[in-house]
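Values quoted throughout were computed directly from the atomic coordinates according to the rules given, and no laboratory measurement underlies them. Quantities reported herein were computed from a predicted structural model and do not represent experimental measurements. All Cβ positions, glycine included, derive from the backbone under ideal geometry; neighbour counts span all protein chains shown.
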Ligand SMILES: NC(=O)c1ccc[n+]([C@@H]2O[C@H](COP(=O)([O-])OP(=O)(O)OC[C@H]3O[C@@H](n4cnc5c(N)ncnc54)[C@H](OP(=O)(O)O)[C@@H]3O)[C@@H](O)[C@H]2O)c1
């Protein structure tokens with residue numbers, strides 16, 4: 001018997017609700033809570049069997065504590081926005097339940113991606129005997145588990161990791177983002193950053209790019225970006241010399257983004273408009289297509305994986321450990337496109353590891369700190385099968 005409270009009825013929340021509702025031997029009772037009740041209602045009407053719903057503003061810690069207690073939850077799966085991470089962690093501590101999220105905390109007024117704020121909860125979760133599992137989406141999430149699996153089974157030493165994220169889906173809009181536009185644009189317009197020989201190196205936003213031949217998708221140009229899993233993986237992978245993150249973008253996306261940036265529409269500082277303060281990026285979010293509406297119209301695939309270079313039994317080895325996911329197959333299964341699907345499925349699988357005791361331990365953890373094996377098995381069972389492609393150790397795979 002386990003009772004799970006899902007917070008956030010957006011694109012990712014829909015997938016988590018569908019997947020948990022289809023696995024009642026683990027998730028016996030489910031409550032989906034969100035700011036807008038009608039969105040939770042819609043999802044509840046689609047999923048298998050009955051789930052409860054509730055209206056909740058998760059910025060209000062006492063409201064979240066009251067809901068956790070009245071529903072008698074064992075675990076909170078937080079798939080609202082990164083702004084709520086700390087408030088929901090506080091509520092979990094007060095109510096005495098485990099916590100899981102898919103994105104690290106961001107203060108609303110600064111686009112900074114750091115685990116520091118959440119790692120600071122280590123002592124409190126440990127002494128309460130509770131677990132907080134951070135970043136159980138795809139990237140972060142599956143990419144961290146891929147690295148842990150490679151470290152455990154495929155390499156004696158890992159020297160270089162390049163995380164490559166390609167969404168080759170076409171939604172037919174001139175410009176749209178596949179997950180929350182505000183979070184997505186904040187991430188993409190931030191300076192690039194990677195870790196090499198113990199040091200962080202910074203690059204201008206989207207100024208460094210390489211081409212990579214993605215399995216089943218083909219040659220795509222990927223841009224160096226900072227991504228939160230670099231922070232934890234650079235600490236937890238032994239012998240690592242360099243780790244970088246790359247994401248592909250089409251020309252139309254980049255051109256629109258440049259124009260929007262140039263005219264100030266991606267700013268997060270308030271501006272005065274007709275006697276009212278507005279934040280340009282929040283206004284832009286209202287104008288852009290709702291990511292949830294992209295599901296029925298997105299065709300094509302995503303391919304996300306880790307290109308890993310290291311040593312096995314004294315010989316150099318280079319592999320790409322990856323998953324390919326098809327937008328239309330996801331839509332047929334859970335009424336969402338692949339970007340929400342590849343995030344929601346790992347959130348459900350991470351929750352399963354906690355609730356079945358496979359991963360449960362007191363403290364705050366990143367995914368690579370847990371045993372990758374049960375999670376990797378579950379990826380194959382629950383819709384995100386992975387594959388390994390071997391390359392010659394000297395092949396130049398990231399072309400200028
Ligand atoms: N790790 C990964 O691979 C990965 C990939 C993609 C996304 N993510 C993360 O997944 C999360 C969800 O993304 P998404 O695309 O599903 O976003 P979304 O479609 O915008 O959904 C967010 C949902 O949270 C609700 N919400 C916002 N603030 C709330 C509050 N204070 N209290 C209660 N509910 C609140 C929203 O309510 P309203 O409907 O009222 O606005 C919305 O339903 C984000 O944190 C994102 O960064 C992670």
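If packing is taken as the mean number of other Cβ atoms within 10 Å per residue, what is the order of 250-256, 124-130, highest first?
Result, highest mean Cβ count within 10 Å first: 124-130, 250-256.
Please check: in the Gaussian network model of the chain (C-alpha springs, under 10 Å), which one of 318, 60, 193 has the largest mean-square fluctuation.
Top of the fluctuation ranking is 60.
Counting other beta carbons within 10 Å of each Cβ, put 77, 278 in order, fewest first.
Ascending number of Cβ neighbours within 10 Å: 278, 77.
Based on the alpha-carbon gyration tensor of the chain, what equivalent-ellipsoid semi-axes (square roots of 5 times the eigenvalues) come out, in whole Å, largest first?
30, 26, 21
Give me the distance in nm between label points sitting 7 Å out from Cα along the Cα-to-Cβ direction at residue 126 and residue 293, one decimal.
That separation, rounded to one decimal, is 4.8 nm.
Contour minus end-to-end for residue 263 and residue 282, with contour as 0.36 nm per residue of separation and end-to-end as the Cα-Cα distance?
5.4 nm
Can you tell which of 120, 156, 74 shows the greatest fluctuation in a Gaussian network model of the chain with Cα springs below 10 Å?
Of 120, 156, 74, the Gaussian network model singles out 120 as fluctuating most.
What percent does the relative contact order of segment 3-134 come to when contacts are Cα pairs within less than 8 Å and at least six residues apart?
For segment 3-134, the relative contact order is 22 percent.
Sorting check: for 297-303, 162-168, which peptide has the highest mean count of neighbouring beta carbons within 10 Å, and how do the rest follow?
Packing order, densest peptide first, comes out as 162-168, 297-303.
Starting with the fewest neighbours, write out 246, 200 ranked by other beta-carbon atoms found within 10 Å of each beta-carbon.
200, 246
Can you tell me the length gained on complete extension of the stretch residue 389 to residue 110, counting 0.36 nm per residue apart and subtracting the Cα distance?
Residue separation times 0.36 nm, minus the Cα-Cα distance, leaves 96.6 nm.
What nm distance separates the two modelled labels at residue 242 and residue 377, each placed 7 Å from Cα along Cα→Cβ?
Between residue 242 and residue 377, the label points sit 3.7 nm apart.
What is the chain's relative contact order, in percent, from Cα pairs under 8 angstrom and six or more apart in sequence?
RCO, the chain: 20 percent.
Quick one: if you stick a label point 7 Å off each Cα along the C-beta vector at residue 36 and residue 202, how many nm between them?
Each label point lies 7 Å from its Cα, and together they span 3.6 nm.
Of the candidates 110, 276, 358, which one comes out as most mobile in a Gaussian network treatment of the chain with C-alpha springs shorter than 10 Å?
Residue with maximal mean-square fluctuation among 110, 276, 358: 276.
Mind checking the full-extension length gain between residue 62 and residue 272? Use 0.36 nm per residue of separation minus the Cα-Cα distance, one decimal, nm.
Answer, rounded to one decimal: 72.3 nm.
Going by C-beta contacts inside 10 Å, put 304, 279 in order with the fewest on the left.
279, 304
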